[in-house]
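So the structure is just underneath, and the comments pick up after that.
What follows draws every value from the coordinates through simple rules; no lab data is involved. None of these values were measured; they are calculated from a predicted model. So basically every Cβ, Gly included, is an ideal-geometry build from the backbone, and we count neighbours across all protein chains shown.
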Amino acid sequence: MAVLAPLLAVLYAAPGLLRWVSQPYYLISALLSASFLLVRKVPPACSVLPTQREDGNPCDFDW
């Protein structure tokens, strides 16, 4: 029952959650986040980006 109750609660709230997440703000935010990861990690695109890393690898995150 400890597993079933939260699962039923999520299923009950799913239509409202989907309506909330499908607003343009959240869709554009998800698109920008995905494009940042793609540009920063795909070698043809990231090889021309500036980097401040000590090893000089522009295809890795700077943090």
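Listing for the model above:
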item	result
Of (1) 19.3, 54; (2) 13.5, 42; (3) 16.2, 56, the label for Rg and Dmax of the Cα atoms in Å derived from the coordinates	(1)
Acute angle (nearest 10 degrees) that the helix 24-41 long axis makes with the longest principal axis of the chain, alpha-carbon atoms	40
Simple spin-label estimate for V3 and R53 in nanometres, 7 Å along Cα-Cβ	4.0
Principal-axis tilt of helix 4-21 within the chain, Cα atoms, nearest 10 degrees	60
Nitroxide proxy distance, nm - points 7 Å out along Cα→Cβ at L17 and A30	1.2
Normalised contact order of the chain, rounded percent, pairs of Cα under 8 Å and 6 or more residues apart	19
Computed [θ] at 222 nm, helices only, for the chain once each DSSP H run of length n ≥ 4 contributes -39500 (n - 2.57)	-20000 deg cm²/dmol
